[in-house]
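The next block holds one structure in the form of structure tokens; read it before the comments.
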Amino acid sequence: MSFSKSVYKYCIDTQFNLIYNIDSTTVLRGIFKNLNRNSQFQRLSLIHHIQRTMAATGNKFFVGGNWKLNGTRESIEALVNTYNNGGKFPSSVEVVVAPTALHIGYVQSKMRPDVAMCAQNVSSDSGFGALTGELTADLFKAWGINWTIAGHSERRRRKQIRGLGHDEESNSVAKKTKHALNCGMKVIVCIGETLADREAGTTLNVCFEQLTFIKETISVEEWARIVIAYEPVWAIGTGLSASPEQAQEVHASLRRWLLTNLNSEVASATRIIYGGSVKPTNASALIACPDIDGFLVGGCSLKSDFMEIINCCPPEWDSTARSELGKRAANDIQSIGADGKKSKQ
Ligand code: PEP
């Protein structure tokens with residue numbers, strides 16, 4: 001373990017109760033005040049060490065394409081060709097796509113090998129057998145599919161938006177996440193607030209509640225196979241993306257939630273990706289934010305724009321450059337309340 005990581009872990013381990021539910025940077029300033037009253041410089045450099053560790057999530061960006069319910073035989077074939085002819089991807093990026101369950105076997109057999117397949121959803125049932133119409137994680141895994149999305153807002157809001165069946169609830173999302181993990185799959189867990197939530201100032205409460213169901217269902221070790229997709233509902237398929245500042249604020253708070261509710265390893269290793277009208281024109285600014293580790297892309301994953309978005313990711317995971325941004329963002333992060341609003345400085 002590196003020096004900064006071990007210092008950080010020590011602080012978290014020894015001060016865990018203090019840190020719980022309190023802004024970590026503020027608390028860490030308190031810790032270092034006690035550790036070394038005389039040297040402001042040493043305290044600040046240790047805090048910066050810690051912030052750098054926090055920014056150094058994983059070692060690859062993550063870009064997922066959600067093809068949703070799209071694809072004739074011809075259009076799927078053409079789309080696969082677009083991907084296959086899309087040039088080399090940066091080695092710093094992990095790429096997955098989620099075609100419909102109907103197309104996934106075909107796409108898997110034709111797609112370039114550096115794009116992994118992902119289910120758009122799995123059943124909250126598990127196993128095989130008398131489950132007519134269900135598609136379980138066990139089934140996908142048996143067919144070599146190693147990823148699934150869980151809790152996409154179009155499923156969480158089936159009834160509200162389309163008047164169909166029922167809205168998928170967070171406990172079902174957690175249950176299917178657990179089944180998928182049990183089968184050895186990895187899961188992109190989607191969370192995010194509606195416009196009404198944002199206007200009511202409850203963005204973070206909504207996101208934290210959705211994550212809490214996952215936390216209560218899976219083990220700490222299993223977070224290594226989770227990617228969190230923060231997807232504000234008001235930004236999905238609307239052309240209206242969250243600004244980099246808005247997205248970064250939430251991502252930083254989600255990372256702090258991981259820190260306070262799980263541990264420093266999970267907080268630093270979990271990739272938190274942004275979804276909601278990502279396109280080539282906004283991807284670079286979003287990916288430059290220290291806590292944005294990639295994207296979940298809907299509309300633009302159905303065209304060559306997806307390759308452009310992938311190429312917006314830096315060619316290397318540059319933790320030094322990202323930490324500089326992290327330092328600049330630290331003041332912002334400290335000023336966000338549990339209601340998701342920024343307090344006046
Ligand atoms: C999505 O479906 O997850 C999504 C983010 O869609 P879009 O990029 O079209 O907003």
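The values are calculated or read from the model by the stated rules, or taken from the named source; none is laboratory data. It should be emphasised that the depicted structure is a prediction, and the values quoted were computed from it without experimental measurement. We place every Cβ from the backbone using ideal geometry, glycine too, and count neighbours over all the protein chains shown.
Looking across segment 277-299 at every residue that is touching a residue at least 60 places away in the same chain (Cβ under 8 Å) and out of contact with any strand residue (DSSP E or B) (no Cβ under 8 Å at 6 or more places or on another chain), the one that is nearest to the ligand (Cβ to nearest atom) is identified as Gly299. Of everything listed in (1) at pLDDT below 95; (2) out of contact with any helix residue (DSSP H, G or I) (no Cβ under 9 Å at 6 or more places or on another chain); (3) under 20 Å from Glu94 (Cα atoms), the single unmet condition for Pro314 is (2).
Would you point out the residue of segment 258-276, among those that are polar (S, T, N, Q) and either in contact with a strand residue (DSSP E or B) (Cβ under 9 Å, 6 or more places away or on another chain) or not in a loop (DSSP other than H, G, I, E, B) (or both), that is nearest to the ligand (Cβ to nearest atom)? Steps first, please.
Taking segment 258-276 as the starting set, the residues that turn out to be polar (S, T, N, Q) are 260-261, 263-264, 268, 270.
Filter once more, so that each one left must be either in contact with a strand residue (DSSP E or B) (Cβ under 9 Å, 6 or more places away or on another chain) or not in a loop (DSSP other than H, G, I, E, B) (or both): 260-261, 264, 268, 270.
Values: Thr260: 27, Asn261: 24, Ser264: 29, Ser268: 25, Thr270: 18 Å.
Restricting to residues being polar (S, T, N, Q) and either in contact with a strand residue (DSSP E or B) (Cβ under 9 Å, 6 or more places away or on another chain) or not in a loop (DSSP other than H, G, I, E, B) (or both), the top hit is Thr270.
With respect to being in contact with a Lys or Arg (Cβ under 9 Å, 6 or more places away or on another chain), in the same structural domain as Pro314 (by TED's automatic domain parsing) and within 18 Å of Pro280 (Cα to Cα), Gly86 fits the description.
Out of Pro113, Pro99, one residue alone is farther than 25 Å from Phe213 by Cα and within 16 Å of the ligand (Cβ to nearest atom). It is Pro99.
Exactly one residue among Ala78, Ala130 is in the same structural domain as Ile236 (by TED's automatic domain parsing), more than 16 Å from the ligand (Cβ to nearest atom) and part of a helix (DSSP H, G or I), and that residue is Ala78. Selection of segment 169-197 for residues being part of a loop (DSSP other than H, G, I, E, B) and buried (at least 24 other Cβ atoms within 10 Å of the Cβ) yields Gly192, Glu193.
On inspection, Ala119 does not qualify as surrounded by 19 or more Cβ atoms within 10 Å (Cβ to Cβ), within 24 Å of the chain's Cα centre (by Cα) and at pLDDT below 95. Of the residues making up segment 136-178, those that are of a type in the set (Asp, Glu) and more than 14 Å from the ligand (Cβ to nearest atom) are Asp138, Asp167, Glu168, Glu169.
Identify all residues within segment 277-317 that are in a loop (DSSP other than H, G, I, E, B) and within 21 Å of Asn81 (Cα to Cα); write none if there are none. Talk me through it step by step, then tell me what you get.
So the first thing to find is which residues in segment 277-317 are in a loop (DSSP other than H, G, I, E, B), and the list is 277-279, 288-293, 298, 303-304, 313-317.
Answer for segment 277-317, where residues must be in a loop (DSSP other than H, G, I, E, B) and within 21 Å of Asn81 (Cα to Cα): Lys279, Gly298, Lys303, Ser304.
The residues of segment 238-247 that are buried (at least 24 other Cβ atoms within 10 Å of the Cβ) and out of contact with any strand residue (DSSP E or B) (no Cβ under 6 Å at 6 or more places or on another chain) amount to a single one, Ala242. Screening Asn311 with (1) surrounded by 22 or more Cβ atoms within 10 Å (Cβ to Cβ); (2) more than 17 Å from Ala247 (Cα to Cα) gives one miss only, at (1).
Of all residues being in a helix (DSSP H, G or I) and within 15 Å of His152 (Cα to Cα) in segment 214-240, which is farthest from the ligand (Cβ to nearest atom)? Just the residue, please. Working first, answer last.
If we filter segment 214-240 for residues that are in a helix (DSSP H, G or I), which is where we start, we get 214-217, 221-225, 233-235.
Going one step further and asking which of them are within 15 Å of His152 (Cα to Cα), we end up with 214, 233-235.
On the way: Ile214: 18, Val233: 10, Trp234: 10, Ala235: 6 Å.
Taking the candidates together, the pick is Ile214.
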